[in-house]
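*Asks:* Got a structure for you, questions after.
Bear in mind that the values in this text are calculations on the coordinates, not laboratory data. No experiment lies behind these values; they were computed from the predicted model shown. Here Cβ is always computed from backbone atoms with ideal geometry, including for glycine, and neighbour counts include all displayed protein chains.
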Amino acid sequence: PVAASPEQYIKHPLQNRWALWYFKNDKSKSWTENLRLISKFDTVEDFWALYNHIQQPSKLGFGCDYCLFKDGIKPMWEDDRNKLGGRWLMTLSKQQRHNDLDRYWMETLLCLIGESFDEASEDVCGAVVNVRPKGDKISIWTGNCQNKDAIMTIGQQYKERLNLPIKNILGYQSHDDTSSKSGSTTKNMYSV
Amino acid sequence: EKKRYDREFLLRFQFISVSM
């Protein structure tokens, strides 16, 4: 019998183990009760098994989120590995829900699990998609808002990867600013 | 060394069912 080469039967390991979370906006429950872990994975094959199995963001109800975070990091500002960090935030128009939301989210997931930001991938904590009536949002969270080089690498490569028009500016906000903002807008520490 | 995968490589596995 011809022995199968490992390539044929060994799953492809990812650099990190990841956890996918789902947030459903149930007003009768507390915020943390509404946040549920769906599943964890650490191979390419297991990622696809999960991804192919769940709803696309455009099919979720308003107020729902998906969060993909490195295992051990909770998808909230307060987590020790998030609290000193921030996020690249992309806000989408209402029309983009049908044309762009799902493919941007998939591309974001592939960037994370594929470690697509070279050395800067170390700084990535996770990514969140928020489905909202006024416009959906996708963000990539990093762990230290002072690591400008890594943050700029991530922002520039992410913008290129989604081939966003140059005039579409992405802003990076620290979680500290976002959580303590007085007005409706949070100032950007960086932008690309 | 780091396990990095580009999108083309990852996409090849989306619909390959793992026959374990």
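*Asks:* Quote the relative contact order of chain A in percent (integer), defining contacts as alpha-carbon pairs under 8 Å separated by 6+ residues.
*Replies:* 21
*Asks:* Between region A:36-85 and region A:110-140, how many Å separate their Cα centres?
*Replies:* For region A:36-85 versus region A:110-140, the Cα centre distance is 10 Å.
*Asks:* Under a point-charge model restricted to the Cβ atoms of Lys and Arg (+1) and Asp and Glu (-1), what is the dipole moment magnitude of region A:52-192 relative to its Cα centre, in debye to the nearest 20?
*Replies:* The dipole magnitude comes to about 740 debye.
*Asks:* With unit charges on the beta carbons (Lys and Arg positive, Asp and Glu negative) and the dipole taken about the Cα centre of region A:1-126, which residue among A:LEU92, A:CYS64, A:GLN15 sits farthest to the positive side?
*Replies:* A:CYS64
*Asks:* Then there's this: Run down the lysines and flag those whose C-alpha is under 20 Å from the C-alpha of A:LYS159, throwing out any fewer than 8 positions away in its chain.
*Replies:* A:LYS94, A:LYS137, A:LYS148, A:LYS167, A:LYS187
*Asks:* On to the next question. Can you find, among A:LEU109, A:TRP31, A:PHE41, the residue farthest towards the positive end of the dipole of region A:14-141? Put +1 on the C-beta of Lys and Arg, -1 on that of Asp and Glu.
*Replies:* The Cα lying farthest towards the positive end belongs to A:TRP31.
*Asks:* I need the shape label for region A:53-111. Rule: rounded when a/c is under 1.5, else prolate if a/b > b/c, else oblate, with a, b, c from the alpha carbon gyration tensor.
*Replies:* Verdict is prolate for region A:53-111.
*Asks:* With springs only between Cα atoms under 10 Å, which of A:LYS148, A:LYS40, A:LYS137 fluctuates most in a Gaussian network model of chain A?
*Replies:* Among A:LYS148, A:LYS40, A:LYS137, the largest mean-square fluctuation in the Gaussian network model of chain A belongs to A:LYS148.
*Asks:* Which of A:TRP21, A:TRP141, A:TRP31, A:TRP77 comes first, and how do the rest follow, when ranked by fewest Cβ neighbours within 10 Å?
*Replies:* A:TRP31, A:TRP77, A:TRP21, A:TRP141
*Asks:* Within straight cross-link reach of A:LYS27, meaning Cα distance under 16 Å, which lysines are found once same-chain residues fewer than 8 apart are removed?
*Replies:* Qualifying lysines at Cα under 16 Å: none.
*Asks:* Could you give P(r) for region A:44-192, binned at 10 Å from zero, as whole percent values over all Cα-Cα pairs?
*Replies:* Percent of Cα pairs in each bin: 11, 43, 38, 8, 0.
*Asks:* A follow-up question, please. What's the exposure ranking of A:LEU84, A:LEU60, A:LEU112, going from fewest to most Cβ atoms within 10 Å?
*Replies:* In order of increasing Cβ crowding within 10 Å: A:LEU84, A:LEU60, A:LEU112.
*Asks:* Let me ask something else. Per DSSP helix of 4 or more residues, -39500 (n - 2.57); summed, then divided by the residues of chain A. What does that give at 222 nm, rounded to the nearest 500?
*Replies:* -6500 deg cm²/dmol
*Asks:* Next up: What Kirkwood hydrodynamic radius do you get for region A:9-113 when you take the inverse of the mean 1/r over all pairs of distinct Cα atoms, in Å?
*Replies:* This gives a value of 15.2 Å.
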